[in-house]
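Visitor: Just dropping this structure here.
Each reported figure results from applying straightforward, stated rules to the coordinates on display, with no laboratory input. As the structure is a prediction and not an experimental result, all values here were calculated from the model. Backbone-built Cβ (ideal geometry, glycine too); neighbour counts: all protein chains shown.
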Amino acid sequence: MSNWLESAVTRAETVSDWLSPKREASLALLREAKVPTRKTEAWKYTPVRAIDQVTVSTEVSASVQVESIDDLNSVDLVFINGEFDAAQSSSELPAGLTVSRLVDADDSARAWALSAFSNIKPDRHLFGLVNDVLATDGALIDVAEGVEIEQPIRIVSLLTQGAEAHTRVLVRLAERSKVAIVEQFLGNEASYNTGFAEYDVAAEAELEHYRFATQVNEALSIGGSHFNLGEKAQLNSTLIGFGSKLSRVDVDVTHAGSHAFAKMNVIYLLDGKELFDLHSTVEHAVPHGTTEENVRGIVADHAKVVFNGRIHIHRNAQKTLAELNNRNLLMSRTAEINTKPELEIYADDVRCAHGATIAELDKKALYYMQSRGLSRSQAQVMLNFGFINELVEQMPNQVLAEWLRPQLKARFAQMEVG
Amino acid sequence: MTEQIDKVLEREYEAGFVSDIESETFDPGLNEDVIRRISAMKEEPEWMLDWRLKAFAAWQEMVEPEWAHVDYQKIDYQAISYYSAPKSMADKPKSLDEVDPELLRTYEKLGIPLIEQQMLAGVAVDAVFDSVSVVTTFRDKLEEAGVIFCPISEAIKKYPELVKKYLSTVVPMKDNFFATLNCAVFTDGSFVYIPKGTRCPMELSTYFRINEQNTGQFERTLIIADEGSHVSYLEGCTAPQRDENQLHAAVVELVVLDGAEVKYSTVQNWYPGDENGKGGIYNFVTKRAVCHTDAKVSWTQVETGSAVTWKYPSCILKGDNSIGEFYSVALMRGAQQADTGTKMIHIGKNTRSTIISKGISAGRSNNSYRGLVRMNPGAEGARNFTQCDSLLIGDKCGAHTFPYVESKNPTAIVEHEATTSKVSDDQMFLCQQRGLDPEKAVSMIVNGFCKEVFKELPMEFAVEAGKLLEISLEGSVG
């Protein structure tokens, strides 16, 4: 057993709260767990040894300011190093929205959380288990039936130098409700966090979801967003990933009710020695589900990207439409792309397809732009931006898209220099 | 519809007869002594025995792979007989006239006419019956061209330098569980050497048949295409109908030197077991080619048999400008399971690979494509195109795709696409409206689905493959 895993188990044994009944099963699994190696399929390209190298200090500064997103007018829930920061969080909530913290949930919230905890993705990987046993704070978000929340909810998790944090978010959308939720992870100094969110989207409810996994440099970040879609539920999710020393996200969608619709757009941009690993799994358990997944990325310098996109059509899931498209631009001779789109199909009356491409920028397009007087690097930034912007344009919230664009541009410029 | 499919899919396995041939078979079991005995039976030189024993020692340390999407009962390696030879082989036939007539009749039943039809077809055949190579036709004509085509057991004795130089250079001894087992216990197989600049005057063919009960077949094929040479090689297989599972763990190595071209075609029709998955062959095969500069390898396979197939014919594109191709049709029905695909390892500059895989699943079968395309840092300007299509017939089967794509060179271009569809009602309606009965219609649609692969097969094989498909699909729609 590795040091961090041992320490996680030891610490977990001292955790005792109302979630303990749920934590125990995970702890039992964790005790038996082995650190993933190259031979572990889910971690084949992603070494986790960096976790043993991170020095977690007990005294971390907690007085940092989280930048707000202009014009977003969001309901903010801010966690600094895993602890809720009431001062930076919104104190007023729109009608129909209930938010409680894991630590001070009332009885009804507890009852719900106990039944929902680790339910959407019961088959948890090692870090999911770590989060199960160590998550001490987080949010329980409840959207009432038929309510449309206009303000987006923004959940920020910020890590400072030497911090370790495990946060958990549980979201419940009651029937016909509608909400937008932004998960934002910040802090680029040496730290380690696991952050998982579980979304239960009831019949005819609509969830707009964003996850900005944009921690870079020394920050080790492992997490995931898991969705359960009821009948005619709709999910529109956008994930932005910048790599870091270790950055891994698992996105899981289960079509539990028929006629549900899931759209997922993913953008990853990597530079330096960054690593980004995305595992996405879509389970079509019932008929008439639709999934559209578009994953695009640009990988420069010494960076490495891993994408595993699995679509599983169960025996009963007739009339499913599922498409997954993964397009990659490889910018450098020392960078690396590993992609694996998977289809597992047990029903015959379905239309499923996936595609994956890896290439460099179109030389003709570059030449064309250079012949119009642009420098090579200007042309590259422009083409890269065009490649990514197609997905940015599809973001339902244009305020967020506007906020994101300059960050992406800065990233391109940096990739160009590197 | 499904019931009708099931009903018709209960068709008989046409090659399922047992030949009444006296044979000499080892008692089941595997230990060093068995390996020594195999080696002694084959009158092998000392170095070969040492090599086998080394492999056996390594194999005992290895574990059976479990990553494939197949489910089968654990194999008891001590319950298999590792050597079986038709008795009349004891005093080896010098010509076809001396071969046991019953054996020849077996081949005739299988449609491998060793004599006349071969003349017409111009195919030289090496037939392997259980563990030994029975006969190789057209040897003189091949010798004239300088081509060596003989059982590998003979090559070990006659051309030890060639064998030593190339054996296990493509598939290393410790490559995988089944390949290592094959190193230890392989009994025969084919050996081909095409000299520099030679175009093999005829197509070469090997026919494999497992006849004895409780035996395994472990053949080993080594093909060396010297610089600028060309050869087309065909391989076919059958086995009798038996209740227990039989293991077939072959290794095929292709060494394709500068500017040479090898076309390797397989029609695999091992006994698939009955409708409930009882019996049938476990087909666990390692096939790999190394392509040197400007060389080309083309794997074409039509897989309709075996209870479980685990097979990934691969190309290591080592030399600049080398080309690898993989064309595959896998038709699974009943309780059959296949996990098959290819690996294309691009090492040299401007290397190119094409993968076309067509999987058809019917009954309760499961059909998986598993492939790897790897662009190494040196694969400047390399190109890959992969297309995997699955067709599902009925709602109890499964079709899966597991492609691994890895690239470390920005100038390399990789494209992968996969689709899944079924024989649509519209297509059926159209065909029937034009006067085709449903059975013909399905066969036609499936044939169209597989066309890209069939056109890669040599003529005779394409006809055979088409027929095989037709038989397998007989009445699969109503």
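Visitor: With the Cα gyration tensor of region A:3-363 giving a ≥ b ≥ c as the square roots of its eigenvalues, does the rule (a/c under 1.5 for rounded; else a/b larger than b/c for prolate; else oblate) give rounded, prolate or oblate?
Guide: Numbers: a/c = 1.36, a/b = 1.05, b/c = 1.30.
Rounded, because the longest to shortest axis ratio a/c is under 1.5.
Visitor: Follow-up. Where the centroid of each part is defined by its Cα atoms, how far is region A:360-400 from region B:270-318 in Å?
Guide: About 44 Å separates the Cα centre of region A:360-400 from the one of region B:270-318.
Visitor: If we sort B:148-156, B:27-35, A:167-175 on the protection proxy, mean other Cβ atoms within 10 Å, highest first, what's the order? Write out the running numbers ahead of the final one.
Guide: Numbers: B:148-156: 21.9, B:27-35: 14.7, A:167-175: 23.4.
The most tightly packed comes first, giving A:167-175, B:148-156, B:27-35.
Visitor: Right, next: Taking K and R as +1 and D and E as -1, what net charge do the other residues with C-beta under 14 Å from the C-beta of residue B:39 add up to? Present the calculation step by step, with values, prior to reporting the outcome.
Guide: Numbers: positive: B:36, B:37, B:42, B:52, B:54, B:157, B:220; negative: B:32, B:33, B:43, B:44, B:46, B:50, B:188.
The answer is 0.
Visitor: Treat each spin label as a single point 7 Å out from the Cα along the C-beta direction, and report the residue B:230 to residue B:463 distance in nm.
Guide: According to this spin-label approximation, the distance is 2.3 nm.
Visitor: If you take every residue apart from residue A:302 with its C-beta less than 13 Å away from the C-beta of residue A:302, what net charge results, scoring Lys and Arg +1 and Asp and Glu -1?
Guide: Numbers: positive: A:245, A:273, A:304, A:333, B:408; negative: A:271, A:274, A:301, A:336.
Spelling it out: positives minus negatives among the neighbours equals +1.
Visitor: Dipole of chain A, Cα-centred, from +1 at each Lys and Arg C-beta and -1 at each Asp and Glu C-beta, to the nearest 20 debye?
Guide: Details: 40 positive and 57 negative charges, 344 e Å.
Around 1660 debye, computed over chain A.
Visitor: Report the far tail of the P(r) of the protein assembly as shown, meaning the percent of Cα-Cα pairs longer than 47 Å. Present the calculation step by step, with values, prior to reporting the outcome.
Guide: Values: 129671 of 400960 pairs.
Summing the P(r) of the protein assembly as shown above 47 Å gives 32 percent of all pairs.
Visitor: Rounded to the nearest Å, what's the spacing between the alpha carbon centres of region A:247-273 and region A:6-44? Just the number, please.
Guide: 24
Visitor: Something else now. Put +1 on the Cβ of each Lys and Arg and -1 on the Cβ of each Asp and Glu in the protein assembly as shown; which of B:277, A:412, A:173 then has its Cα farthest toward the positive end of the dipole?
Guide: Looking along the dipole axis, the top candidate is A:412.
Visitor: A follow-up question, please. How compact and how long is region A:303-418, expressed as Rg and Dmax of its alpha-carbon atoms in Å?
Guide: Over region A:303-418's Cα set, Rg and Dmax evaluate to 18.1, 57 Å.
Visitor: Further, regarding this structure: What relative contact order, as a whole-number percentage, does chain A give when Cα pairs under 8 Å and 6 or more residues apart are counted?
Guide: Values: 1055 pairs, mean separation 41.5, N = 418.
It rounds to 10 percent for chain A.
Visitor: Got a sec? Charge dipole of the protein assembly as shown, +1 on Cβ for Lys and Arg, -1 for Asp and Glu; which of A:191, A:357, A:117 is way out at the positive end?
Guide: A:357
Visitor: For every helix of n ≥ 4 consecutive DSSP H residues, a contribution of -39,500 (n - 2.57) applies; sum these over the protein assembly as shown, divide by its total residues, and give [θ] at 222 nm rounded to the nearest 500 deg cm²/dmol. Each step should come with its number before you reach the end.
Guide: Numbers: 20 runs with 214 residues, N = 896.
The per-residue figure over the protein assembly as shown is -7000 deg cm²/dmol.
Visitor: State, to one decimal in nm, how far the label point of residue A:409 lies from the label point of residue B:455, with both points 7 Å from Cα in the Cβ direction.
Guide: With each label placed 7 Å out from Cα toward Cβ, I get 4.9 nm.
Visitor: Treating only the Cβ atoms of Lys and Arg (+1) and Asp and Glu (-1) as charged, compute the dipole magnitude of the protein assembly as shown about its Cα centre; round to the nearest 20 debye.
Guide: Values: 89 positive and 127 negative charges, 412 e Å.
Dipole about the Cα centre, nearest 20: 1980 debye.
Visitor: Excluding residue A:367 itself, what net charge comes from residues whose Cβ is under 15 Å from its Cβ, given Lys and Arg +1 and Asp and Glu -1?
Guide: Working: positive: A:363, A:364, A:372, A:376; negative: A:360, A:362.
The answer is +2.
Visitor: Could you tell me the largest-minus-smallest coordinate of the C-alpha atoms of region A:98-206 on each of the three principal axes, in descending order and whole angstroms?
Guide: Principal-axis extents of region A:98-206 (Cα, largest first): 43, 28, 26 Å.
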